[in-house]
1. Any idea what the relative contact order of the chain is, in percent, if you count C-alpha pairs under 8 Å spaced at least 6 apart?
2. Taking amide H atoms as placed 1.01 Å from N in the peptide plane, list the residues 5 or more away in sequence, or in a different chain, whose amide H sits under 5 Å from that of LEU140.
3. What is the mean projected area of the alpha carbon convex hull for region 272-338, to one decimal in square nanometres?
4. If you line up the long axis of helix 56-69 against the longest principal axis of the chain, both from Cα atoms, how many degrees apart are they, to the nearest 10?
5. For n ≥ 4 DSSP H runs only, could you compute -39500 (n - 2.57) per run for the chain, divide by its residues and tell me the 222 nm figure to the nearest 500?
6. Please give the FRET efficiency for LEU306 paired with THR194, using the beta carbon to beta carbon distance and R0 = 35 Å, rounded to the nearest 0.05.
7. Report relative contact order for region 179-331 in percent, whole number only (criteria: Cα-Cα under 8 Å, sequence separation at least 6).
8. What's the percent breakdown of Cα-Cα distances in region 22-110 across 5 Å bins, shortest bin first?
Amino acid sequence: MTPEVHPGRRETDEPVAGTADRRAPRPIGRTGLTASPLTVGTAGWRHWPDGSGPTRAQTAELVRRLRADHRITVLDTSNNYGEGESETRIGAALAEAGGAAPGVLVQTKADRHFITGDFSGARMRDSLRESLDRLRLERLPMCYLHDPEHAPYAEICGSGGAVEALVAARDEGLVEHLGVAGGPTRMLRELVATGHFEAVITHNRWTLVDRSADALLDAAAERGLGVFNAAPYGGGLLTRWPLASTRYAYGQAPPALLSAADAIGRLCAEAGVPPAAAALQWSMRDTRITSTIVGVAGLEHYQRTLELADVEIEDGLWAEIEAIPLDDRTWQDAPAAR
């Protein structure tokens with residue numbers, strides 16, 4: 001069967017990209033909060049079993065830098081990141097520095113139990129209490145229901161379920177604003193449609209080679225939600241050319257996806273543009289996206305991310321990139337799952 005291919009540009013009357021400012025703060029939907037176009041992702045803020053990972057001193061230094069320069073104003077964490085280590089580091093660093101500076105947003109996620117998998121409403125309440133303690137906050141300014149694909153939709157949204165518990169926590173003032181963060185875009189669209197959420201996080205599904213989240217981005221924009229797009233590099237595949245990896249997101253990349261990544265990398269090289277800059281700015285330039293989440297482990301990576309965001313990319317290169325055919329069967333969400 002001949003693969004179905006799609007050009008990079010969406011088949012709508014409006015272009016994907018507008019003239020989104022790469023530095024100016026953007027409103028997070030109707031929450032009244034704002035976000036910088038870039039968000040620091042802290043999933044890797046821990047010591048890994050092999051001894052890798054940033055030290056506490058390195059991540060504390062990065063938090064101090066964020067408070068000082070205001071170029072990136074959002075820290076994204078989760079109850080389960082590093083089994084709590086990420087939140088603990090953020091809380092300690094902010095307390096040491098005198099608290100979050102005005103305009104700095106710390107957002108976290110309510111998680112299932114990382115050992116038992118419990119995703120009940122009671123577990124959500126426990127997750128919130130744990131996060132408040134680790135982050136040393138009295139209330140969470142923004143909290144997301146995290147990875148709802150790990151439980152049946154009816155269970156998540158049913159009586160006594162995770163959504164009910166989080167909405168109640170918001171009504172009580174423990175949480176100021178609620179969002180939803182996860183993988184499969186169809187489930188995220190269904191949850192967005194409930195009207196309970198003010199923001200959404202998608203990952204690995206709006207990149208140079210994967211457009212699974214297109215309909216989700218449209219739905220979020222139509223409802224006035226804030227949108228955070230995570231993993232613009234697809235797990236590292238899109239950071240350099242010639243390609244140094246054959247993996248995308250969490251698995252082996254199909255040949256057609258690798259071919260598209262190779263073609264885009266070649267175009268970037270010919271134009272003198274780092275492929276990582278194109279991958280990052282593909283997300284940043286989309287007017288439906290509030291902020292792009294990038295994992296940052298220390299000051300060197302932080303500075304490199306800012307440099308990539310500032311690279312000038314001509315419209316002609318974007319047009320060439322958008323003309324590269326993509327096989328939508330290679331995306332994270334297959335056609336039937338979107």
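Bear in mind these aren't lab numbers, they're just calculated from the coordinates by the rules spelled out. The structure displayed is predicted, hence computed values, not measured ones. Note that we place each Cβ from the backbone using ideal geometry, even for glycine, and neighbour counts take in every protein chain shown.
1. 22
2. Distant-sequence amide H within range of LEU140: VAL175, GLU176.
3. 6.1
4. Its long axis makes an angle of about 80 degrees.
5. Numbers: 11 runs with 122 residues, N = 338.
Mean residue ellipticity, 222 nm, calculated: -11000 deg cm²/dmol.
6. Values: r = 37 Å, r/R0 = 1.04.
The computed FRET efficiency comes out at 0.45.
7. Working: 235 pairs, mean separation 37.9, N = 153.
Computed over region 179-331, the figure is 25 percent.
8. 3, 14, 24, 24, 18, 11, 4, 1, 0
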